[in-house]
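The next block holds one structure in the form of structure tokens; read it before the comments.
None of the figures in this text is laboratory data; all of them are computed from the coordinates on show. Owing to the predicted nature of the structure, the values given are computational and were not obtained by experimental measurement. With ideal geometry, Cβ positions are generated from the backbone for all residues, glycine too; neighbour counts draw on all protein chains shown.
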Amino acid sequence: MHILLSNKFYYPRGGDCIYTMSLEKMLKSHGHNVAIFTMQYPDNETSEWSKYWPSEMTKAKALTRPFGDSETKEKFAALLDNFHPDVVHLNNIHTQLSPVVAEIAHKCGIRVVWTLHDSKLACPCYTCMRNGKWCEECFSDKLAVVKHRCMPGGIIGSLIGWRELRMWNTQRISKNVDKFIAPSQFMKDTVVRSGYNPDKFNVLCNSIDLSKVQNPSLEKSEHYIFVGRLSEVKGIKTLCKAAAKLPYKLIVVGGGELLDELKQEYSNCNNIEFVGQKQWPQFRPLLESARFMVISSEWSENNPLTIIESQSLGTPVLGARIGGIPELIDEGINGMTFTSGDVIDLTDKIRLMMSTTFNYKSIADAAQQKYSAETYYEKLIEVYKGD
């Protein structure tokens with residue numbers, strides 16, 4: 001098959017990017033021809049398809065790109081003419097590329113599949129969160145994003161988000177997408193409540209390339225670990241407050257807007273170590289030797305790859321009870337959950353995780369079988385082929 005993958009970035013920036021790049025590798029390993037459509041960006045990996053990529057986003061383009069600007073349309077159409085895909089598989093495309101690519105592909109008679117890495121189809125600001133609480137007001141009142149100034153950029157950003165939601169509405173997107181892939185039941189349920197047809201969805205949990213997690217050591221040190229972006233929504237402030245009260249060593253892997261602030265605030269705290277942004281070869285040893293990994297999110301994560309990676313190395317997970325996180329955790333078997341944003345509950349659960357004996361080999365074996373890329377591939381090909 002000829003499969004065109006599209007995502008707004010093409011380097012390991014976040015879960016959506018890692019998913020797209022891993023999917024490209026997997027599909028090629030099975031003999032499929034794969035093309036990439038993304039936005040030009042300095043950190044992107046090199047690609048034979050880069051001449052078809054629209055230019056990097058600017059403040060001026062922010063007024064036109066989300067609605068399908070001429071450059072994106074022309075370059076995407078040119079790529080379709082050159083590559084002749086059987087399937088266009090979309091990922092995170094809003095704003096920097098826009099759903100216009102789905103419309104163009106559909107008009108050309110190409111099957112369109114879209115993996116939902118967040119709730120953007122239901123919520124203009126991606127999260128369905130407002131003032132730290134779950135919000136579904138936009139599901140029925142599209143002007144809510146403007147009323148509450150939900151988007152970055154205040155009133156202007158929120159007006160762009162409102163216009164984007166109106167232009168790429170439920171009916172228009174549904175018409176141009178053959179099947180949505182929801183990595184969690186939570187994500188499917190959320191988007192369906194916003195007005196989408198449940199029959200358009202397949203729930204297909206993310207997978208992992210088993211070559212990444214071969215032969216985990218299963219030898220555990222006395223530290224626990226956080227891996228992710230250092231931002232408010234990831235709950236890192238809550239985690240640090242809990243960790244500072246405890247005698248155990250927390251290793252924090254990741255960069256982000258809060259890194260400098262947190263390093264300064266906890267500079268005299270010997271049991272919290274910030275090691276910065278690391279790629280997989282650098283942080284795998286820290287993850288597989290950890291007693292457990294904490295995912296302390298305070299927004300509704302979809303299907304976090306870090307949980308799958310952690311469990312596949314035999315490292316149990318302490319996860320916030322929010323979004324799709326609880327779907328990946330069997331209490332007391334491969335981890336535990338805590339009340340999102342609750343410092344006291346998190347502190348108590350860290351103590352409990354440290355005192356609990358887990359079967360690390362069993363965790364790794366079960367995860368590698370469940371999240372195998374080969375299992376995912378077989379189900380994905382069924383989605384590609386359709387009825």
Degrees separating the helix 343-355 axis from the principal Cα axis of the chain, which is the longest one: 60 degrees
Tilt relative to the chain, helix 154-167 - C-alpha long axis, 0 to 90 degrees, to 10: 60 degrees
Distance in nm between pseudo-label sites at residue 48 and residue 362 (7 Å out along the Cβ direction from Cα): 4.8 nm
Length-normalised contact order for the chain - Cα pairs under 8 Å, 6+ apart - percent: 13 percent
Euclidean distance of C-alpha centroids, segment 208-256 and segment 57-116, integer Å: 36 Å
Normalised contact order of segment 327-387, rounded percent, pairs of Cα under 8 Å and 6 or more residues apart: 24 percent
Karplus-derived 3J(HN,Hα), 6.51/-1.76/1.60, for each residue of segment 224-232, Hz, glycine and proline x: 10, 9, 10, 10, x, 6, 8, 9, 4
Protection proxy ranking of 82-91, 326-335 - average other beta-carbon atoms within 10 Å, highest first: 82-91, 326-335
Cross-link pairs beyond the 21 Å C-alpha cut-off, checked among 120/188; 179/385; 188/237; 120/278; 237/361: 188/237; 120/278; 237/361
The chain: angle of helix 373-385 to the longest principal axis, Cα-based, in degrees nearest 10: 20 degrees
